[in-house]
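Trainee: My questions all concern the structure below.
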Amino acid sequence: MQLDCSRRKLLQDSLAFGVAGVVSLPSLAKPFPDKSSGKAEEKAPEVTATEDLMREHGVIRRALLVYFEVIPKLRQNLSSVGAAALRQTAQLFRTFGEDYHERMLEEQHIFPLIRKQGSELKRYADILTEQHNRGREITDYVLAVTNGPKISSAHAEPLAKVFESFVRMYQNHAAREDTIVFPAWKKNFSDKQLDEISDQFEDIEHKMFGKDGFEDAEKKISGIEAALGFADLAQFTAPAPKP
């Protein structure tokens, strides 16, 4: 069934690159038969475009939680804060969060279409873009003050304040994207079109990071959490309320 002109235009708006050249969608190869059983291997379930965006938010949120958990240590026990681990967190936020998730997906595919869906969504896209830019300024600052064997005492309180405002901004930022922006963007497409966009997103990820971009990012944040003593989820269980 052929797409009508307006639907085709929406799909083209979302899939058009802001850089020169055309990225072709990868062909989906048929699985090789399982010689031992005579059955074809089961195909792993595909990650949808919106699921991909939201699980990437998961990696970004975990980086923000690292920043949040470090705030009291910066103020009370600076020597316990590893500058290298914070720098690795900022580097991951830069490459995976800012350069890939924000620039290549949201700013090139999500926001341009959202801006055409009414004044309120356009305002959201404009604010979110402004927050992306502010986040990049903050990441530059974090990389600068962690570029050494330890964090200077002169930078401890300013860095703690930066982390407080940064985490607060992105908690609200990602929550609005997950509950308002991504659902509004998704409504423009059929399931088949979303499958095509998922393939496009996967192709961008592979070109930037190789085969396992998300998996590698998740491993990196897990390693950072372990280095800083944040790996055990149980430590964050809230205490029971006291009467």
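Trainee: From largest accessible area down, sort M104, M208; use a 1.4 Å probe on the protein chains.
Mentor: Values: M104 40, M208 80 Å².
So the residues, ranked largest to smallest area, are M208, M104.
Trainee: Let me ask something else about it. Counting heavy atoms of the protein chains only and a 1.4 Å probe, report the per residue accessible area for the stretch 94-243 as a whole number of Å².
Mentor: Numbers: 7930 Å² over 150 residues.
For the stretch 94-243, the per-residue accessible area is 53 Å².
Trainee: With every protein chain left in place and a probe of 1.4 Å, what is the accessible surface of K122, to the nearest 10 Å²?
Mentor: Here the residue's solvent-accessible area equals roughly 90 Å².
Trainee: Evaluate E = 1/(1 + (r/R0)^6) for E215 and K161, where r is the Cβ-Cβ distance and R0 equals 25 Å; express this FRET efficiency to the nearest 0.05.
Mentor: 0.15
Trainee: Work out from phi, with θ = phi - 60° and the Karplus expression 6.51 cos²θ - 1.76 cosθ + 1.60, the ³J(HN,Hα) of each residue of the stretch 132-149, listed in order in whole Hz, and give x for Gly and Pro.
Mentor: 4, 5, 5, x, 5, 5, 5, 5, 4, 5, 4, 4, 5, 7, 9, 8, x, x
Trainee: Now for a different question. Determine the share of the stretch 45-189's accessible area contributed by carbon and sulfur atoms, expressed in whole percent, with a 1.4 angstrom probe.
Mentor: Working: 3490 of 6580 Å².
Answer for the stretch 45-189: carbon and sulfur cover 53 percent of the accessible area.
Trainee: If each residue of separation counts as 0.36 nm, what is the full-extension length gain between A83 and Y141 once their alpha-carbon separation is subtracted?
Mentor: Numbers: separation 58, 0.36 × 58 = 20.88 nm, distance 1.31 nm.
Roughly 19.6 nm would be gained on extension.
Trainee: Holding the Cα-Cα limit at 22 Å, pick out from K116/K187; K187/K220; K150/K219; K116/K211 the pairs that are longer than that.
Mentor: In this structure, K187/K220; K150/K219; K116/K211 lie more than 22 Å apart at Cα.
Trainee: For the pair R123 and I180, how long in nm is the line joining their label points, each one 7 Å along Cα→Cβ?
Mentor: 0.8 nm
Trainee: Okay, next question. Quick one: how many Å² of S119 are accessible to a 1.4 Å probe, rounded to 10?
Mentor: Looks like 100 Å² after rounding.
Trainee: Please compute the net charge surrounding E69, taking Lys and Arg as +1 and Asp and Glu as -1 over other residues with Cβ under 14 Å from its Cβ.
Mentor: +1
Trainee: Restricting the calculation to Cα positions, tell me the Rg (one decimal) and the Dmax (whole number) of the stretch 112-238 in Å.
Mentor: Over the stretch 112-238's Cα set, Rg and Dmax evaluate to 18.6, 55 Å.
The values are calculated or read from the model by the stated rules, or taken from the named source; none is laboratory data. Here the structure is a predicted model, which is why all the values come from computation and not from measurement. All Cβ positions, glycine included, derive from the backbone under ideal geometry; neighbour counts span all protein chains shown. When the accessible area is computed, the model is the full protein with side chains, heavy atoms only, and any ligands, DNA or RNA have been set aside. Shrake-Rupley method; radii C 1.70, N 1.55, O 1.52, S 1.80 Å.
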